[in-house]
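Engineer: Please see the structure below; I have some questions.
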Amino acid sequence: MSSSATATLPPRCLRTPEAARFLGLSGRTLEKHRTYGTGPRYSKIGGRVVYRVEDLQIWVDRGAKSSTTDETGSVVLPAKRHTEETSFEQRR
């Protein structure tokens, strides 16, 4: 396939079970992240939840660290309810 043909392809979308496998999480954990607003971006198409691979990778990269003492970057919050203040402080 030529590069011009691949440039016109739509972004690859994964359903929740596929996205969970891509991330190494359970489907239920990914559902909780979606409920609490701590997970990757998603879309709903006809009632079906889908994740773009690019959005999954961006979410993973937000938590990337080079060591346990590395304080750069963002924090990927756990899949639980957070107060607005806690969410804001940890996202900075």
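Please treat every number below as a calculation from the coordinates, not as lab data. Predicted model, so just to flag it, every value in this text is computed and none were measured. Positions of Cβ are backbone-derived with ideal geometry, glycine not excepted, and every protein chain shown enters the neighbour counts.
Engineer: What ranking do 82, 33 get, fewest neighbouring Cβ atoms within 10 angstrom at the top?
Structural biologist: The most exposed by this proxy come first: 82, 33.
Engineer: Summing +1 for each Lys or Arg and -1 for each Asp or Glu, what net charge is found among the other residues whose Cβ lies under 13 Å from the Cβ of residue 27?
Structural biologist: It works out to a net charge of +3.
Engineer: A further question follows. Given a Förster radius of 25 Å and the C-beta distance between residue 35 and residue 64 as r, what FRET efficiency does 1/(1 + (r/R0)^6) yield to the nearest 0.05?
Structural biologist: 0.55
Engineer: Would you kindly derive the ³J(HN,Hα) couplings of region 39-53 from the backbone phi angles with the Karplus curve 6.51 cos²θ - 1.76 cosθ + 1.60 (θ = phi - 60°), listing them in order in whole Hz, with x for Gly and Pro?
Structural biologist: Those phi angles translate into x, x, 4, 9, 10, 10, 10, x, x, 9, 7, 9, 10, 7, 4 Hz.
Engineer: Still on this structure, I have one more. Starting from the amide H of residue 79, placed 1.01 Å from N in the peptide plane, find each other amide H under 5 Å away whose residue is 5 or more places distant or on another chain.
Structural biologist: none
Engineer: Right, another one. Please arrange 36, 42 by counting, for each residue, the other beta carbons lying within 10 Å of its beta carbon, fewest first.
Structural biologist: Going from sparsest to densest Cβ surroundings: 36, 42.
Engineer: Would you order 31, 71, 54 from fewest to most other beta-carbon atoms within 10 Å of each residue's own beta-carbon?
Structural biologist: 71, 54, 31
Engineer: Less than 20 Å apart at the alpha-carbon level, and either on another chain or at least 8 residues along: which lysines does that give for residue 44?
Structural biologist: Output for residue 44: 32.
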